[in-house]
Structure formats: structure tokens, C-alpha cells
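Here is the structure we will look at.
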Amino acid sequence: MNGHAMSDGYYMPAEWGPQDCVWLVPPHNHETWPGCFDKAADQFAVFMAELGKVTPVRTPEGLGVPTNDSWIRDFGPICVVPTPQAEPQGPSLIYHDFIFNGWGGKYETRDLDDVVPTRLGEKLGIPVVAHDLVLEGGSIEVNGKGTVMTTRQCLLNANRNPGQTPAQIEAQIHAALGTRHLVWLPGGIAGDDTDGHIDDVARFISADTVAIVSAPLGHPDHPVTQANLDALRAARDQDGRALRVVELPMPEPVMYDFPPDRFGPGGVGPVPASYANFLISNGSVLVPVFGQASDDPALRVLEDAMPGYRVVPIRAEWLVVGLGALHCLSMQQPRAV
């Protein structure tokens with residue numbers, strides 16, 4: 001194949017499609033969770049156990065593939081499979097390996113993370129297509145019908161693909177994922193060191209429905225969530241139809257006292273606590289919760305909007321100190337056709 005999913009008859013399925021497994025990397029980098037590593041590891045263990053009830057869980061380390069950190073959503077394999085209407089002569093599953101540069105070079109070199117898709121493909125005998133584009137899995141969201149959603153703050157950031165126009169970036173994404181329409185939202189929430197990943201702000205929960213976080217007036221994330229809402233309400237899907245919008249509440253800001261070497265002077269700062277950072281897997285929705293009054297309303301929104309799914313709350317107030325939660329810590333592998 002030539003790496004162009006659209007022309008080769010491949011596409012990236014929506015997350016609610018059947019999955020063969022979910023890839024996880026248990027916490028092992030203590031610098032990621034300063035002062036709370038053990039608490040974060042305990043919460044991860046609960047997540048892993050609940051996920052294991054519905055989906056086989058695999059780890060790169062189990063195959064002898066080392067990692068720098070646990071955020072496999074951003075450096076793990078982005079999978080495509082044959083489209084339902086196509087009859088490709090090629091493999092039943094393909095890994096895409098995009099460049100991972102540590103969220104715009106914010107941290108030390110992540111050479112181990114950057115090659116994880118290729119190393120896994122070699123171990124498992126799965127074909128891998130390498131790309132020159134810097135792209136993290138948490139920056140894209142697909143509905144499995146031709147639409148991909150992202151934020152301008154991330155994909156158009158100069159620290160990702162300088163010199164490339166939005167049209168050039170969009171064309172490469174469509175070619176790789178088998179999509180044909182892109183919805184641009186403005187940006188991400190406070191505390192997000194990824195420059196506005198989509199999986200903290202807006203998620204497809206069906207082909208025509210998006211769950212999007214909405215912060216009230218006075219909340220520090222109100223301006224950006226309102227701008228995202230306005231953009232989404234004006235957006236259309238691949239067939240020119242308006243998308244259904246379901247609003248998720250935002251928790252009160254979660255603050256943490258970081259060490260001085262973490263973000264310049266360090267000190268107390270926000271972490272990206274968001275109910276949108278859930279993982280959909282084989283009929284279950286695993287949702288990060290933070291011990292706040294908004295937890296139950298957020299869960300009810302998803303229960304009402306996703307009938308037939310088992311909605312599972314997972315405490316994540318320590319996990320999110322690492323600046324990510326359940327979706328960031330996981331990467332689904334769709335069932336091979």
C-alpha cells in the first residue's frame with residue numbers, strides 16, 4: 001500500500017466500533033506525577049482492571065518495547081482497517097506511525113515513545129506506514145463516517161509542522177485516516193500542555209453526535225469552551241448535516257503545587273481535568289471523575305446520550321496531575337477485518 005488510506009480502501013473506525021484490545025502503559029516515569037506517583041499508579045490500576053473486564057489489555061513492555069512515559073494515546077499506533085464497502089487485497093489491519101516530538105518539544109527527547117508503533121508492528125507482524133507529519137492521537141477524533149475533528153490551537157501550532165499550510169495538513173490527515181471532512185474547533189482547556197488536544201474538549205459519541213465540555217460564566221475555561229461550542233454548532237458533518245451537540249459540565253478548576261523544575265518557576269497551577277477524556281471500549285464508557293459535585297451530572301449526561309452503554313466512573317484526580325487522564329493513557333486497536 002502507499003500509505004493513503006482513502007485510495008487504498010482503509011479507514012480509521014470510530015472508537016465505539018469493536019476492538020481487539022486496548023494498549024496501555026502503566027505509570028513508570030516518576031517525574032510525570034511529582035509527589036503523587038503512588039496515588040496515580042493506584043488509580044491507573046483501577047482503570048486497567050475495569051477496562052480488562054470488557055477488552056483485552058496489552059502493554060508494549062509485555063512485548064519488550066520500552067517507553068519514555070505512559071501517554072500512549074499520543075505516540076501509539078493509529079490504526080486503520082479495510083472500509084466496509086471495499087475489498088482490499090492488503091492486510092486486515094495497518095498501523096500508522098506519525099512523528100511524536102513531545103508535544104511541540106516541551107520536554108526531554110522522547111525517542112522511545114516516537115518509535116513505539118513501528119516496534120509493535122515489527123513484533124506483531126502488522127504493516128506500518130511511517131509519516132513525516134507531527135501528529136498525536138489525542139489531537140484527532142473521528143466519527144467513522146468520513147469526519148475528523150481537531151483544534152486549530154494544536155494542529156496549526158508552529159511547534160508541530162512549521163511551514164505547512166492548513167490545507168496541506170488537512171490533506172495528509174484525510175489521506176491517512178480515510179476521512180474527507182475536517183471540523184476545526186478553536187482550542188483546549190487550561191492546564192493542557194498538549195496545546196489543545198481535542199480529547200479534552202469534544203468527543204464523538206455517535207456518527208452524528210458530539211459531547212463537548214461547557215464551562216459556566218466565571219470559570220477560567222468559559223471563553224474557550226464557548227468558542228468551541230459556537231464553532232461546533234456552526235459545523236457540518238461529511239454529508240453537510242448539522243451535528244447534534246451534547247454539553248458536558250466542567251469540574252471546578254483542579255490545582256496542583258508543581259515542583260520548581262516542572263513549568264519554569266513551578267508553583268500552583270491548573271491541571272486539565274475534563275469529563276471528555278473518557279474511553280469508549282466494547283460497550284463501556286470509562287469516565288474520569290474528580291471527587292466533585294459535577295461528577296454525577298456528567299455521568300448522567302453520558303448515560304442519557306449513550307443508551308445501551310455501561311458508564312463506569314474512574315477516580316482520576318491524581319492521574320490528571322500528569323496532565324492527562326483515561327483517554328490519554330490508552331489507545332484502542334480496532335478488530336481486524
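The values are calculated or read from the model by the stated rules, or taken from the named source; none is laboratory data. Remember, it's a predicted structure, so these values are computed and weren't measured experimentally. Counting neighbours? That spans all protein chains shown, and the Cβs are built from the backbone with ideal geometry, glycine included. The accessibility values were calculated without ligands, DNA or RNA, using every heavy atom of the protein model including side chains. Shrake-Rupley method; radii C 1.70, N 1.55, O 1.52, S 1.80 Å.
Looking only at region 229-241, decide whether some residue is in a loop (DSSP other than H, G, I, E, B), in contact with an Asp or Glu (Cβ under 7 Å, 6 or more places away or on another chain), closer than 21 Å to VAL287 by Cβ and not hydroxyl-bearing (Ser, Thr, Tyr). No, the conditions are met nowhere in region 229-241.
Restricting attention to region 307-334 and to residues that are in a strand (DSSP E or B) and touching a Gly at 6+ places or on another chain (Cβ under 8 Å), the residue that is most open to solvent (accessible area, probe 1.4 Å) turns out to be ARG315. If only residues of region 1-30 that are out of contact with any Ser or Thr (no Cβ under 9 Å at 6 or more places or on another chain) and either modelled with pLDDT of 95 or more or surrounded by 20 or more Cβ atoms within 10 Å (Cβ to Cβ) (or both) are counted, the one that is nearest to PRO307 (Cα to Cα) is GLY17.
The criterion of at least 2 residues that are hydrophobic (A, V, I, L, M, F, W, C) is met, among helices (runs of 4 or more DSSP H) falling completely within region 56-135, by 72-75, 116-124.
Would you be able to say whether some residue in region 236-244 is among the polar types (S, T, N, Q), touching a strand residue (DSSP E or B) at 6+ places or on another chain (Cβ under 9 Å) and open to solvent by less than 10 Å² (accessible area, probe 1.4 Å)?
To start, the set of residues in region 236-244 that are among the polar types (S, T, N, Q) comprises 238.
Still in the list and also touching a strand residue (DSSP E or B) at 6+ places or on another chain (Cβ under 9 Å): 238.
Of the ones still in play, those that are also open to solvent by less than 10 Å² (accessible area, probe 1.4 Å) are none.
Scanning region 236-244, I find no residue that is among the polar types (S, T, N, Q), touching a strand residue (DSSP E or B) at 6+ places or on another chain (Cβ under 9 Å) and open to solvent by less than 10 Å² (accessible area, probe 1.4 Å), so the answer is no.
If the condition is being of a type in the set (D, E, K, R) and either on the phi > 0 side of the Ramachandran plot or touching a helix residue (DSSP H, G or I) at 6+ places or on another chain (Cβ under 6 Å) (or both), then region 194-209 contributes ASP195, ASP199.
Residue check: ALA298 meets all listed conditions (1) assigned to a helix (DSSP H, G or I); (2) of a type outside the set (Val, Ile, Thr); (3) open to solvent by 10 Å² or more (accessible area, probe 1.4 Å) but one, namely (3).
The set of residues from region 211-234 being over 24 Å from LEU279 (Cα atoms) and either acidic (Asp, Glu) or touching a residue at least 60 places away in the same chain (Cβ under 8 Å) (or both) comprises just one member, ASP230.
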